[in-house]
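This report concerns only the one structure given below.
The values are calculated or read from the model by the stated rules, or taken from the named source; none is laboratory data. Just so you know, these numbers come straight off a predicted model, no measurement behind them. Reconstructed Cβ throughout: ideal geometry from the backbone, glycine too, with neighbour counts over all protein chains shown.
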Amino acid sequence: MKRVIDLRSDTMTKPSPGMRQAIAEAEVGDDVWGEDPTVNKLEAYAAEMLAKPAALFVPSGTMANQIAVRSQTNPGDEIIIETDAHIVRFESGAVSALSGIQPCMLSAPKGILSATQVDEAIRPPDIHNPPTTLICLENTHNRAGGTVYPLETISEIRDVATSRNIGMHLDGARLFNAVCATGVAPDVYASRFETVSFCLSKGLGAPVGSLVVSSEARVARMRRIRKMYGGGMRQAGILAAAGLYALEHNILKLHDDHKHAKLLAQGLAKIPGIAIDEDTVETNIVIFDVSGIRQSPDDLLETLKNEGVLMSRFTPTTFRAVTHLDISHQDISDAMDVISNTIAH
Ligand code: TLP
């Protein structure tokens, strides 16, 4: 059978034999009762890594974000967020449906808001205005192509937030990609936010799971919201074991994903008809435009799929390719051969 090179997302990884072994050997208990030793271990591990007092294990990145937003807002509040952020683009309208807030969406180059932009968007106290109570950032920024928030910019936004008494949440689904790209420690990023979420099931290779870290009091509140959202899990230690394995073994492997993404971007840049801004390829996401190719984007995607290379459609004329744990150097050169041959015909 022809090997499929699946670049649709870094969520496509399958648990490795070592991870499966850890899953098989996990000690479990009922986590709704706080009695799953492996979940407790994972939460303690995550809290320590991000230097926050506590952490909560949840089934998905979406739930992590939604619980964090809910814990820091009241219905009728406004949150400041970049237009293409996952929280408002890809979470099925959950912030409005579940938290009753309205988003104030700001566009920004590479998905990176500036402190001035944020400052100007904060509503002055007035009976007509929704109170601005939360600023959400995304690092790395998925839809902008895995771009990294400069720590300096985050710190400037933090200063604005603190002076205006507003909370901050980080959608760090790919926080460890940012960590690998910059060398900035995860706890340094986390120190700028009240709540930080990160995913185990993106580049880190676990089948399920995200964490959200914060203060003891807020995590207690978020634990209740998790239950309300149906995210209380029972013998979840088998999932937490995969998460622990991911954190212990797979973070440094993200460096390879970043090298592979660069390689792919360099190869794509050489193909006539493909437009790509190589500077935006800072981590494991490659977004490129195919409007200069004779074939329609739909046909091209289908032909590539038939040749064993899967990518996702991002906009009407752009594709997204994401490198991950299950993609090797060889896969990248094989994918490049398929792409060049397909486009040449
Ligand atoms: N992103 C997925 C899709 O939903 C688009 C992907 O393939 O990239 N925050 C960010 C920044 C994300 O990229 C994602 C998933 C999430 C949150 C949500 O995580 P899950 O899928 O676990 O709910």
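Numbers below:
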read-out	value
In the range 41-52, the residues that are surrounded by fewer than 23 Cβ atoms within 10 Å (Cβ to Cβ) and not in a helix (DSSP H, G or I)	51
Residue under evaluation residue 230, criteria (1) surrounded by 24 or more Cβ atoms within 10 Å (Cβ to Cβ); (2) at pLDDT 95 or above; (3) within 16 Å of the ligand (Cβ to nearest atom); (4) of a type outside the set (S, T, N, Q), criterion not met	(1)
Any hit, the range 43-58, residues being within 12 Å of the ligand (Cβ to nearest atom) and touching a residue at least 60 places away in the same chain (Cβ under 8 Å)	yes
Pair list, Cβ under 8 Å, 6 or more apart: the range 231-260 residue on the phi < 0 side of the Ramachandran plot, other residue basic (Lys, Arg) and crowded, with 21+ Cβ neighbours inside 10 Å	232/226
Extreme residue, surrounded by the most Cβ atoms within 10 Å (Cβ to Cβ), among residues of the range 146-177 that are of a type in the set (Gly, Ala, Ser) and more than 11 Å from the ligand (Cβ to nearest atom)	161
Some residue of the range 3-12 being surrounded by 15 or more Cβ atoms within 10 Å (Cβ to Cβ), within 15 Å of the ligand (Cβ to nearest atom) and assigned to a strand (DSSP E or B)	yes
Restricting the range 53-74 to residues that are β-branched (Val, Ile, Thr) and either surrounded by fewer than 24 Cβ atoms within 10 Å (Cβ to Cβ) or touching a Cys at 6+ places or on another chain (Cβ under 8 Å) (or both), the residue that is nearest to residue 241 (Cα to Cα)	62
Subset tally (residues that are of a type outside the set (Ser, Thr, Tyr), closer than 28 Å to residue 320 by Cα and in a strand (DSSP E or B)) for the range 128-153	5
Qualifying positions in the range 89-104 - more than 12 Å from the ligand (Cβ to nearest atom) and part of a helix (DSSP H, G or I)	95, 96, 97, 98, 99
Residue in the range 75-88 that is small (Gly, Ala, Ser), assigned to a loop (DSSP other than H, G, I, E, B), in the same structural domain as residue 161 (by TED's automatic domain parsing) and crowded, with 16+ Cβ neighbours inside 10 Å present	yes
Close pairs from the range 95-117: first in contact (Cβ under 8 Å) with a residue 24 or more places away in the chain, partner surrounded by 17 or more Cβ atoms within 10 Å (Cβ to Cβ) and aromatic (Phe, Trp, Tyr), Cβ under 7 Å, at least 6 apart	112/149
Residue selected from the range 68-84 under the condition within 16 Å of the ligand (Cβ to nearest atom) and closer than 18 Å to residue 119 by Cβ, by the criterion farthest from the chain's Cα centre (by Cα)	79
Helices (runs of 4 or more DSSP H) wholly inside the range 242-345 that include at least 3 residues being of a type in the set (Asp, Glu) and modelled with pLDDT under 95	none
The range 137-153 - residue that is charged (D, E, K, R) and out of contact with any strand residue (DSSP E or B) (no Cβ under 6 Å at 6 or more places or on another chain) and, of those, farthest from residue 88 (Cα to Cα)	152
Test result for residue 83, under 22 Å from residue 289 (Cβ atoms) and of a type outside the set (A, V, I, L, M)	yes
Subset of the range 166-199 (residues that are over 16 Å from residue 142 (Cβ atoms), touching a strand residue (DSSP E or B) at 6+ places or on another chain (Cβ under 9 Å) and of a type outside the set (Val, Ile, Thr))	167, 168, 186, 189, 190, 192, 193, 194
